[in-house]
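Here is the structure we will look at.
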Amino acid sequence: MRILQIVNDLSTGGAQTLVAEVSAALGKRHEMGLLVLAAPGPLSERLEATVGSVEYLNIPRSSWRVDELVSRVGEATRAFRPDVAHSHLLHADFALALQNQSIPKVSTVHTSGFASADRVRSRVLARVCARLAARFSVNVACSQSSWSYMEKLGYPMSSSVLIGNGVKVPHSPPPPSSHPSLLCLSRWHPMKDHSTLFEALKLVMQAGHRDVRLICAGSGMEPDNEELVGLISSLGLTDVVELRGPVGDVTPLINQARALVISSSYGEALPMAGAEALAQGRAVVTTDVGSCSRLAVHPWLTVPRQSPGSLAEAMGRVLGLTPEEAADLCRDAFRLAQEEFDIDITARRYEELYHRLAEGATR
């Protein structure tokens, strides 16, 4: 089959990571193509190494030229001649939904909802995409929470399916890290609630973990982000938080950390970063948002949203584990990845879906 994946951009994010994982898993059996609405980004090298062809439209995210967006996506789609076209994220969904080409169309929803902190444009576009969802052959929810979000917005659930996120799981995890460091893999955005994360970090230090370090990677998590740097400085954490910005390969960062921390207050569905951490034997400390609790190997690793004290308690507990306890937690995390988040399971379900749609279109 010829399968065309369409994404907004190749910045670091869960949807883009899923495309990379699925493309790598299916690329040996099918011809995979990738259409990117924006310019090259941090994940370009990774995708270009696994996808047969990649085309960048270089359309600015701020552009209001809907006609240009739809026209250029249509031209690129026709040129690739896919058996199935699959879009991810709102702008890509919108552009594919408006195509009149008689090919099967798939959309994957990667969120559990929006809030007033999101841009009005994003919230409006989310509702428009829900109205256009009937134009897709199948709408995919990546988690139970995204399924609930789709139901709430009026997606055609009779033609929707749930296919959970997955990542490449190695044969065995690396040993637990001896470094007193925690990791946050998330972009600078209100939904990620970095304020709660940094307040919790300060409480962890006050509780006695003076040598703790927090590594932050993701779009906008950079030293030139004045608002971010000001927030860190106001809490006295300048020497504690390390800002890495967008990173194409997060595995080395995961391996040197004790755990991954997700502090989001809304919007998460099933973060790929959490699954990537589990695959490397790293526990996930997470707020109870969307389906994030599925990433926690023990109940105490899931905490209420917007609760710095609860988050600090879980972070401190991870840092205070004995070497034997840390090794047990590492094994538990890796086992959860094997059982619940193996990309082979996810890719096989997508492959079965693509086959069914392509065969139906042929008939």
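The values are calculated or read from the model by the stated rules, or taken from the named source; none is laboratory data. Keep in mind that what you see is a predicted model, and the values were worked out from it rather than measured. Every residue, glycine among them, receives a Cβ derived from its backbone with ideal geometry; neighbour counts consider all protein chains shown. Areas reflect the complete protein model, heavy atoms only, side chains present, ligands, DNA and RNA absent. Shrake-Rupley method; radii C 1.70, N 1.55, O 1.52, S 1.80 Å.
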State whether the residues of segment 7-23 include one that is surrounded by 24 or more Cβ atoms within 10 Å (Cβ to Cβ), in contact with a Phe, Trp or Tyr (Cβ under 8 Å, 6 or more places away or on another chain) and part of a strand (DSSP E or B). no
Flagged in segment 178-232 as among the hydroxyl-bearing types (Ser, Thr, Tyr) and either in a loop (DSSP other than H, G, I, E, B) or open to solvent by less than 30 Å² (accessible area, probe 1.4 Å) (or both), in numbering order, are SER178, SER181, SER186, THR196, SER219
Among residues of segment 295-315, those that are buried (at least 20 other Cβ atoms within 10 Å of the Cβ) and either out of contact with any strand residue (DSSP E or B) (no Cβ under 8 Å at 6 or more places or on another chain) or among the basic types (Lys, Arg) (or both), counted: 2
Out of segment 155-177, which residues are part of a loop (DSSP other than H, G, I, E, B), open to solvent by 50 Å² or more (accessible area, probe 1.4 Å) and free of Cβ contacts under 8 Å to residues at least 60 places away in the same chain? HIS171
So, of the residues in segment 50-90 that are in a helix (DSSP H, G or I) and touching a helix residue (DSSP H, G or I) at 6+ places or on another chain (Cβ under 6 Å), which turns out to be least open to solvent (accessible area, probe 1.4 Å)? VAL73
Flagged pairs (Cβ under 8 angstrom, 6 or more apart or on separate chains; first in segment 70-97, in contact (Cβ under 8 Å) with a residue 24 or more places away in the chain and on the phi > 0 side of the Ramachandran plot; second of a type in the set (Lys, Arg) and open to solvent by 30 Å² or more (accessible area, probe 1.4 Å)) are ARG81/ARG2
Residues that are touching a helix residue (DSSP H, G or I) at 6+ places or on another chain (Cβ under 6 Å), of a type in the set (A, V, I, L, M, F, W, C) and either assigned to a loop (DSSP other than H, G, I, E, B) or farther than 14 Å from LYS192 by Cα (or both), drawn from segment 247-271: ILE254, ALA259, ALA269
Going through segment 237-246 one residue at a time, which ones are over 22 Å from LEU10 (Cβ atoms), touching a residue at least 40 places away in the same chain (Cβ under 8 Å) and part of a loop (DSSP other than H, G, I, E, B)? none
Among the numbered criteria (1) of a type outside the set (Val, Ile, Thr); (2) modelled with pLDDT of 95 or more; (3) part of a loop (DSSP other than H, G, I, E, B); (4) open to solvent by 50 Å² or more (accessible area, probe 1.4 Å), which single criterion is violated by SER112? (4)
Being part of a loop (DSSP other than H, G, I, E, B) and either open to solvent by less than 10 Å² (accessible area, probe 1.4 Å) or more than 20 Å from PRO190 (Cβ to Cβ) (or both) is the filter here, so list the residues in segment 115-148 that pass it. PHE136, SER137, CYS142, SER143
